[in-house]
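Taking it in order: structure first as structure tokens, then the write-up.
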Number of protein chains: 2
Amino acid sequence: MPAQLRAATCAMACAAALLAAAAAQAQTPAVAQDFQALEAAQNLANGAPGPRAVPSKSIPVPGDVDGATQALIAAPYRTPAWDADPADAAAWHALVDKLAQAALPGLAKARAALGVTLEPVMLGGVKGFVLTPREVPEAHRGQVIYNIHGGGYVYGPGESGTAEAMLMAAIGGYKVVAVDYRMPPDAPYPAAMDDADAGYRAVIADTDPKKVAVVGTSTGGGMTLALMLRLKAEGVALPGAIAPGTPWADLTETGDTYKTNEWVDNVLVSYSGYLSHAAQLYAAGHDLKDPQLSPIYGDFHGLPPTILTSGTRDLFLSNIVRTQQKLREAGVVQELQVYEGLSHAQYLFDPAAPVTRDVFGEITRFLDGHLAR
Amino acid sequence: MPAQLRAATCAMACAAALLAAAAAQAQTPAVAQDFQALEAAQNLANGAPGPRAVPSKSIPVPGDVDGATQALIAAPYRTPAWDADPADAAAWHALVDKLAQAALPGLAKARAALGVTLEPVMLGGVKGFVLTPREVPEAHRGQVIYNIHGGGYVYGPGESGTAEAMLMAAIGGYKVVAVDYRMPPDAPYPAAMDDADAGYRAVIADTDPKKVAVVGTSTGGGMTLALMLRLKAEGVALPGAIAPGTPWADLTETGDTYKTNEWVDNVLVSYSGYLSHAAQLYAAGHDLKDPQLSPIYGDFHGLPPTILTSGTRDLFLSNIVRTQQKLREAGVVQELQVYEGLSHAQYLFDPAAPVTRDVFGEITRFLDGHLAR
């Protein structure tokens, strides 16, 4: 049989088997009572090399994690955040402002509970914040965390983007400088990277770069990696260590968990939601595979020691393991921590959750081993 | 509304939404052409706290990995291995022998290509093999890898279980001692652990334990962890480092990826396949949560430096991250490497694949940092 015909035959057989599997599932939506029927349909649908056919599922909340983690895992999809598709700049502003306003009271309350103060600063012409814990332990005096917030290049303006900075200050016991970079629709690429670069230069103007760590989650993690590539090209001193948390290392939908964890991750849910729109809005015509937009396509040689963080349900897990792969190949010191059941960046969502303390405790342990004192 | 009624209402709504999502998918089996319909159904099905409703999917083979990795990811389900349910001891023997015989020619060919020799030995009364590479580099002379093979406590008897031992010898450049432990149906728990213990004692009878690493994948990884708990209890010296690859740390179906990666992993596919039968056959009435059967329930304090390996499609990924969590809590030095797109233990399947060299290269780098010379 010619290869093309064989592929077409397989595709038809697979489609038929998918329908059979869906039907088998449909009859028993809660629990697969008839495992043998599903097994037979699945064996048929996955009996030749090719795409993986997976039936519909109802995935329980794990019973072996603490209650706060169970609540994060059980939480409904975040609408309208995940699937936003604003029609124009005004609609983007309205949505971003609404989400930002909604976040502020919780952040103020958390800062008060954690004993963290926040004050606006200017960083070489760029807006930012300094977050200070009640006490900086002896070992961290003189060290600075430079934080780049996440939010798909659109969410998290101003104070609304300071959750991770607050947690690094409170749990790690650090002075944290957070950059409030410009974002689209008003300021597409390269404004965000220009601001991140200017902010970093302002920090190292009066702090030894070896005492500085750059920390950022999601888009902030991708920007952290892109900033390292830019600093290398500019000949600017790199920081002592970096902590890209679940970095958006690839703005194209490349990476296996974009599909395996689609509809499983309850934060990002699907690349076809706001992520794809935000990527285009930010890139504004630039190639999404430019390493300044998708740092996975850059050269990682010479990057500082790196700690990566993700979760088993994270839509971006492949972004993280592909980043780990490139760091390995480049001989960079790296660590990866993956957390049971967590979707994208959920370690930022509940300051009181044990997993939040665990994640920032691990980052602090790592930085203690790599930052100068 | 009372909580119970609210839950029931939600369950009905979720079931209805699942059916709607399945129907939406059924109309467009290859690609979700009508994303908005699927989005709406999914938002409805995941609009309240609870289990995650996931529609049926066709997951493409990733385009960003090398050809050998693509072939591993695209491979069909492994029948009859994954879904075996032999009726009695004779049927188990017939299946296990058939799979073992099928593996031998490929292993002999791979040993020849890699320049590894294999000879049977006795280890304190227990059967085993010594695998020797063409050359042991200066840095590894005097060091020994003690390997415990995988196979769900039923597969991999004799030479058929020596793939990992061969790869550690060839890629790492080590003398490897592999234990051919007894298995059910003839010898249920604790025979396998008794043999693993006896074999380890035989190895350290003439090698400094600090120059020994215990390496095992899947069931061999779970046995590696259980062996550490047993050695601690027995007061026997622990090895210098361990490398449990995707360890079966929990024989109960506990761990989120038992569900999120069900039908996605093309090696193990589902706990409801042979795994559940093998667990019962091995335990033979013992509690599956006994730390000698499911080491995740043991005390990890004092374990040697540990490198863990898994893949994004691995049904056991949660076994690995739960193990990492317990190692973190116990203050054990640990590293985790996760590989893009890999299902369970696929780094053992193709000796020529770049990912195989990568995995065993990383383990060797880790051991170089922790074994005595």
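Throughout, read-outs are computed from the coordinates displayed, never taken from laboratory work. None of the values given here were measured: they were computed from a predicted structure. Here the Cβ is made from the backbone with ideal geometry for all residues, glycine too, and neighbour counts use every protein chain on show.
Is the C-alpha gyration tensor of segment B:69-368 telling us rounded, prolate or oblate? Criteria: a/c under 1.5 is rounded; beyond that, a/b larger than b/c is prolate, otherwise oblate. Rounded shape, in that the Cα axes give a/c under 1.5.
Across peptide A:61-67, the average count of Cβ atoms from other chains found within 10 Å of a residue's Cβ is 4. Counting, for every residue in A:40-51, the Cβ atoms of other protein chains within 10 Å of its Cβ and taking the mean gives 5.
Between B:D299 and B:A87, the simple spin-label model (points 7 angstrom out along Cα→Cβ) gives 4.8 nm.
Taking the DSSP bridge list for the protein assembly as shown and keeping only pairs wholly inside it, about 40 percent are antiparallel. From the Cα gyration tensor of the protein assembly as shown, with a ≥ b ≥ c the square roots of its eigenvalues, which class applies: rounded if a/c is under 1.5, or else prolate if a/b is larger than b/c, or else oblate? Taking the square roots of the gyration eigenvalues as a ≥ b ≥ c, the protein assembly as shown is oblate. Using the Cβ of A:G142 as centre and a radius below 12 Å, the other residues enclosed give a net charge of +2, where K and R count +1 and D and E count -1. Cα centroid separation, segment A:73-125 to segment B:162-212: 54 Å. Quick one: helix B:274-283 against the long Cα principal axis of chain B, what's the angle to the nearest 10°, folded into 0 to 90? Relative to chain B, helix B:274-283 is tipped by roughly 50 degrees. Each of the peptides B:177-185, A:81-89 was scored by the mean count of other Cβ atoms within 10 Å over its residues; in descending order, highest first, they stand as B:177-185, A:81-89. Considering only A:A170, A:A45, A:A237, the Gaussian network model of chain A with Cα springs below 10 Å gives its largest mean-square fluctuation to A:A45.
Segment A:322-363 and segment B:278-294 have their alpha-carbon centroids 32 Å apart. Close amide H partners of B:T309, meaning residues 5 or more places away or on another chain with modelled amide H under 5 Å apart, are B:T246, B:Q337.
At an R0 of 25 angstrom, the distance between the Cβ atoms of A:E234 and A:D186 translates into a FRET efficiency of 0.50. The C-alpha atoms of chain B define a longest principal axis, and helix B:191-205 lies at about 40 degrees to it.
Put simply, the amide H of A:K175, placed in the peptide plane, has neighbours under 5 Å in A:I145, leaving out anything fewer than 5 places away on its chain.
Across the copies of the chain, B:T79 has label points (7 Å from Cα along Cα→Cβ) spaced 3.9 nm apart, shortest distance listed first. Modelled spin labels at B:A68 and A:D66, positioned 7 Å past Cα toward Cβ, are 4.3 nm from each other. Ranked from shortest, the separations from the 7 Å Cα-to-Cβ label point of A:G361 to its equivalents in the other copies are 3.5 nm.
Take each residue of peptide B:270-283, count the partner chain Cβ atoms within 10 Å of its Cβ, and average: the result is 1.
Centre-to-centre separation between the Cα atoms of segment A:230-269 and those of segment A:301-318: 7 Å.
Approximating the spin labels as points 7 Å out from Cα along Cα→Cβ, the B:Q101-to-A:S276 distance works out to 5.1 nm. Charge tally around A:G63: other residues with Cβ under 14 Å, Lys/Arg +1 each, Asp/Glu -1 each, net -3. Long-range amide H contacts for A:K57: which residues qualify at under 5 Å (H placed 1.01 Å from N, peptide plane, sequence gap of 5 or more or a different chain)? For A:K57, the qualifying residues are B:V54. Using a 7 Å projection from Cα along Cα-to-Cβ, the label point at A:K109 is separated from the same position in the remaining copies by 6.5 nm, smallest value first.
A simple charge model with +1 on the Cβ of Lys and Arg, -1 on the Cβ of Asp and Glu and nothing else charged puts the dipole of segment A:286-328 at about 200 debye relative to its Cα centre.
Largest GNM mean-square fluctuation among A:F129, A:F300, A:F349, using chain A with Cα springs under 10 Å: A:F349. Phi angles of segment B:118-126 translate, via the Karplus equation with coefficients 6.51, -1.76, 1.60 and θ = phi - 60°, into HN-Hα couplings of 10, 9, x, 9, 10, 10, x, x, 10 Hz per residue; Gly and Pro are given as x.
Across segment A:144-153, rounded Karplus estimates of 3J(HN,Hα) from the backbone phi angles (6.51 cos²θ - 1.76 cosθ + 1.60, θ = phi - 60°) give 9, 9, 9, 10, 10, 6, x, x, x, 6 Hz, Gly and Pro being marked x. Here the Karplus curve 6.51 cos²θ - 1.76 cosθ + 1.60, taken at θ = phi - 60°, turns the phi angles of segment A:311-323 into couplings of x, 5, 9, 5, 4, 8, 3, 5, 4, 6, 6, 5, 5 Hz, with x standing for Gly and Pro. Computed from point charges on the beta carbon alone (+1 for Lys and Arg, -1 for Asp and Glu), the dipole magnitude for segment A:69-368 about its Cα centre is near 520 Debye.
Projecting the Cα atoms of A:A84, A:G47, A:M193 onto the charge dipole of chain A, computed from C-beta unit charges around the Cα centre, puts A:M193 farthest toward the positive end. Working note: Cα atoms of segment B:139-252, range along each principal axis, descending, whole Å: 40, 32, 22.
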